[in-house]
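Everything on this sheet refers to the single structure shown next.
None of the figures in this text is laboratory data; all of them are computed from the coordinates on show. The shown structure was predicted, so the numbers you read here are calculated from the model rather than taken from an experiment. So basically every Cβ, Gly included, is an ideal-geometry build from the backbone, and we count neighbours across all protein chains shown.
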Amino acid sequence: MSQTATPPPSSTGSVKLDAVKDTTAAVADPTKLSGLALYSRFAFAGAVCCSVTHGGLTPVDVVKTRIQLDPVTYNRGLIGGFRQVIEKEGAGALLTGAGPTFAGYFLQGAFKFGGYEFFKQQAISMFGYETAANNRTAVYLASSACAEFFADIALCPLEATRIRLVSDPTFANGLVSGFSKIAKTEGIGAFYSGFGPILFKQVPYTMAKFVVYEKVAEAIYKRVDKSQASAGMQTTINLGSGLIAGFAAALVSQPADTMLSKINKTKGAPGEGTTSRLIKIAKELGFRGSYSGIGARLFMVGTLTAGQFAIYGDIKKAIGAVGGVEIAASK
């Protein structure tokens, strides 16, 4: 991402030569991390930033999910939805599903951010620095899509548990009991009944998230000398770029997010496949219905994405994860 590595201290006038120079400098500097030592730090920073932001916004997610699943009852918007949940079930209901949220997004964040950095580096190694830099949008898209695929394998069972807890407060008492109940009564396959929708939701979401973030940050750093920017300024840039990226990602992925909530609410009828259920849900929702809860989700995703990139950047600096390769155009 735009802050993952320090650009070469001076330019030779050739992107290719600059890349060689940067690689030589990395080899000469034994304190510069690489391999597992580097990518494990990327993964840790991603795990923390995603679990903290998603976990912290659990109350918003509860209301958003209720609006998606029962728009007739929860028809008063985000603030009204908070009041309805509290009036009916008490303030504690706003933390329903917090356990699966923290656990699920800790795993997902590790694969997403760590994987994004890893696959970006693989693209650079495969095609060469100059080709990757000249086609960086394609690199961002492909790297984020690959990373999200593996992240969703880890996330899906916990997301299924979270949605079941939120949609039916009487289903179980928490993560362990809810997870166990689904496994015993419906089988392991039930955890992945929403894998198609979660891919349909998360892959475009993550692609939009990283590409828009990278492009916004790149545009800012064309006007601001990154080497002279203070730590506070860089965090602010990460926040602003992340906020815009979050809005874009929310709009792109909202229909799939609604379908995911619907398909995980209850188990399918005997003999009913996932594809037929998705088609049925899509017909029932229509275009307007697929965007139920978009206000709450824009607020939620914009906030958490801004927070993620800010936290991610700060944690990377704190643990010395600065060995990634930069391909964004610099000032």
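Summary table below
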{"read-out": "Calculated from backbone phi, Karplus (6.51, -1.76, 1.60) coupling profile of the range 219-234 in Hz, x at Gly/Pro", "value": "4, 5, 6, 6, 10, 10, 6, 4, 5, 9, 6, 6, 4, x, 5, 5"}
{"read-out": "Charge dipole (debye, nearest 20) of the range 36-319; +1 at Cβ of Lys and Arg, -1 at Cβ of Asp and Glu", "value": "300 debye"}
{"read-out": "Mean Cβ count within 10 Å, highest first, over the residues of peptides 68-76, 35-43", "value": "35-43, 68-76"}
{"read-out": "Distant-in-sequence amide H partners of Leu33 (H built 1.01 Å from N, under 5 Å)", "value": "Val322, Gly323"}
{"read-out": "Karplus (6.51, -1.76, 1.60) ³J(HN,Hα), θ = phi - 60°, over the range 303-311, in Hz, Gly and Pro reported as x", "value": "5, 5, 5, 4, x, 4, 5, 5, 5"}
{"read-out": "Surrounding net charge for Gly174, when Lys and Arg each add one and Asp and Glu each subtract one, Cβ distance under 14 Å", "value": "+2"}
{"read-out": "Sequence-separation-based contact order of the range 36-319, relative, with Cα cut under 8 Å and 6+ spacing, percent", "value": "25 percent"}
{"read-out": "Above-threshold pairs, the threshold being 23 Å between Cα atoms, out of Lys64/Lys317; Lys215/Lys317; Lys112/Lys201; Lys64/Lys184; Lys64/Lys88", "value": "Lys64/Lys317; Lys64/Lys184"}
{"read-out": "Ascending count of other beta-carbon atoms within 10 Å, so fewest first, for Arg66, Arg277", "value": "Arg277, Arg66"}
{"read-out": "Residue-span extension gain [Val176 to Met233] - 0.36 nm each, minus C-alpha spacing", "value": "16.4 nm"}
